[in-house]
Amino acid sequence: QVQLVESGGGLVQPGVSLRLSCVASRNIFSISTMGWYRQAPGKERDLVATITSGGYRNYVDSVTGRFTIARDNAKNTVYLQMNSLKPEDTAVYYCNTYGPSWAWGQGTQVTVSS
């Protein structure tokens, strides 16, 4: 069973940046597409960003231009650089394969509030 460990969240003010990391317990080199998801209070978990093995990135409209997804296959790690954070970005953030196909990790809480 693959384990995913997300980190890097926190309580921040609007406009600042955070960088999230997600380490997988197995090699992700062969995984075609990895993604970051988020679940806001009272809402379903939604896909936020994806990255293919070839480096092609895709984002939901609400984060386009502010978030950047990256992957380091050698470290089995996926990153999410979040800039210009807004209160509506408040959520628990998770990574997983595009699908998703692995068990969810514990996520990392991001709270954007003044």
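The values are calculated or read from the model by the stated rules, or taken from the named source; none is laboratory data. Predicted, not measured: the structure shown is a model, and the values here were computed from it. Neighbour counts are summed over all protein chains in view; Cβ atoms, including those assigned to glycine, are modelled from backbone coordinates with ideal geometry. Side chains included, ligands, DNA and RNA excluded: accessible areas come from the protein's heavy atoms. Shrake-Rupley method; radii C 1.70, N 1.55, O 1.52, S 1.80 Å.
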Å² of accessible area per residue within the range 1-88, as computed with a 1.4 Å probe and no ligands counted:
55 Å²
Order of 77-90, 37-50 by packing, highest average Cβ count within 10 Å first?
77-90, 37-50
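Evaluated at 25 °C with a viscosity of 0.890 mPa s, what Stokes-Einstein diffusion coefficient in µm²/s does the chain have when Rh comes from the Kirkwood expression over alpha-carbon pairs?
Working: Rh = 13.9 Å.
Answer from the Stokes-Einstein relation: 177 µm²/s.
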Total charge of the residues flanking Asp89 in space, meaning their Cβ is under 10 Å from its Cβ, with Lys and Arg +1 and Asp and Glu -1, is +2
Whole angstrom only: what separates the Cα centroid of the range 19-43 from the Cα centroid of the range 78-114?
8 Å
Reciprocal mean inverse distance between Cα atoms of the range 38-98 - Kirkwood radius, Å
12.4 Å
Please find the FRET efficiency linking Ser114 to Asp72, where r is the Cβ-Cβ separation and R0 is fixed at 41 Å, and quote it to the nearest 0.05.
0.80
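Determine the share of the range 5-78's accessible area contributed by carbon and sulfur atoms, expressed in whole percent, with a 1.4 angstrom probe.
50 percent
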